[in-house]
Amino acid sequence: MPLRRRPDATIQVAIRVGMSLTAVRRDLSFLAHNFVSRFLHACDRPMVSDQEVTSTVDDSVSRGDSDAVTAPNSPISARDRRRQTLLFLCFSTTLAVVAGLWWYDYFETSAIIPEKGDPPGVRFEKLYQANLKGNDSKLHIEGFPVDDSMVSQIAELESLETLIIDEGIVTDEAIELIAKLPKLRQLRLRLSPIGDAGFQQLSNCESLWFLNLPHAACTSGGVASLKSLTKLRQLRLGSKNLDNRAANALTQIRSLRGIHLIGVPITDEGLKKIAAMPYLESLYLDDSAVTEAGWAWLFREYPHLHVHIDQYHHDRDPKAHDHRN
Ligand SMILES: [Zn+2]
């Protein structure tokens, strides 16, 4: 009955495995002993004796000895010798592979640093690979312009939280890929004329905390689309297509703590709307249309705000401090 033989077969398999393990252990210990003793006593042996031993082994191998043939004056069989040789080769190969992998990894990491003389494509590839390998949360591209194909690759870096691109143009089409980065918190794009279509894409990037687009091309409609970003705290924005209507758009992004507008002609009326935003802590306006009367009103009504006018503090600012320190 097959069911009754099964325990016997299991026991036989176990016995065979045990015998195999015992044989392997014996071979390993003998191999180590033989290797060390040959190494230690090689210098003590007469040259003639070495040659005799070698020629004896070679002769036995060259004769095509079978498992039953034993070399003269040798305590082990030819089969054992072949097994030891195979084991030694296995160890050597494993060690070589491990050393090779370590060597490749070490130099791959060292060679990944971009050089200024490299073409933009090569510099980007090195930055990209380093970021991919390190699973970094930040990528800062400067010194060479990005193009759409590079942006496509950036979109694959799903661990990115901070993306800074200082050169090259990211288009409204390409920014759709950036807006899909699942962890993106900080985005700075210099020189990129992001328009209303691009802002519409960015309004889907729910994790965005700091948006910095000093050279955008959006209108107030594009700014208003950011109201869906409930985590947005800081907004730095410059666009020739923005006017005082931007104030109304900004007040819809109620989560904002800091606003920096560059070259946007905000008037005293617009200033009053922005200053009344519930969570606003800092307001920086460069080249605005606010009058001295408007600033005086602001410092009187909202003395807690940190205000920069063209990157400096107003003389009448109660919170003025030295920015050189
Ligand atoms: Zn300040």
**Asked** Among (1) closer than 22 Å to L250 by Cβ; (2) crowded, with 18+ Cβ neighbours inside 10 Å; (3) hydroxyl-bearing (S, T, Y), which single condition is S207 missing?
**Response** (2)
**Prompt:** Does segment 198-212 contain at least one residue that is assigned to a helix (DSSP H, G or I) and small (G, A, S)?
**Reply:** yes
**Prompt:** Restricting segment 276-287 to residues that are farther than 21 Å from T230 by Cβ and within 16 Å of the ligand (Cβ to nearest atom), which is nearest to the chain's Cα centre (by Cα)?
**Reply:** Y284
**Asked** Residues in segment 289-321 that are within 10 Å of the ligand (Cβ to nearest atom), loosely packed, with under 12 Cβ neighbours inside 10 Å and touching a residue at least 12 places away in the same chain (Cβ under 8 Å): how many?
**Response** 1
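Scan segment 211-220 and tell me whether some residue there is in contact (Cβ under 8 Å) with a residue 40 or more places away in the chain, assigned by TED's automatic domain parsing to the domain that holds G263, of a type outside the set (A, V, I, L, M, F, W, C) and crowded, with 17+ Cβ neighbours inside 10 Å.
Yes, because at least one residue in segment 211-220 is in contact (Cβ under 8 Å) with a residue 40 or more places away in the chain, assigned by TED's automatic domain parsing to the domain that holds G263, of a type outside the set (A, V, I, L, M, F, W, C) and crowded, with 17+ Cβ neighbours inside 10 Å.
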**Considering residues of segment 256-271 that are assigned to a helix (DSSP H, G or I) and crowded, with 16+ Cβ neighbours inside 10 Å only, the residue nearest to the ligand (Cβ to nearest atom)** = L271
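The values are calculated or read from the model by the stated rules, or taken from the named source; none is laboratory data. Just so we're clear, the structure is a prediction, and the values are computed from it rather than from any experiment. Cβ atoms come from the backbone with ideal geometry, glycine included; neighbour counts cover every protein chain shown.
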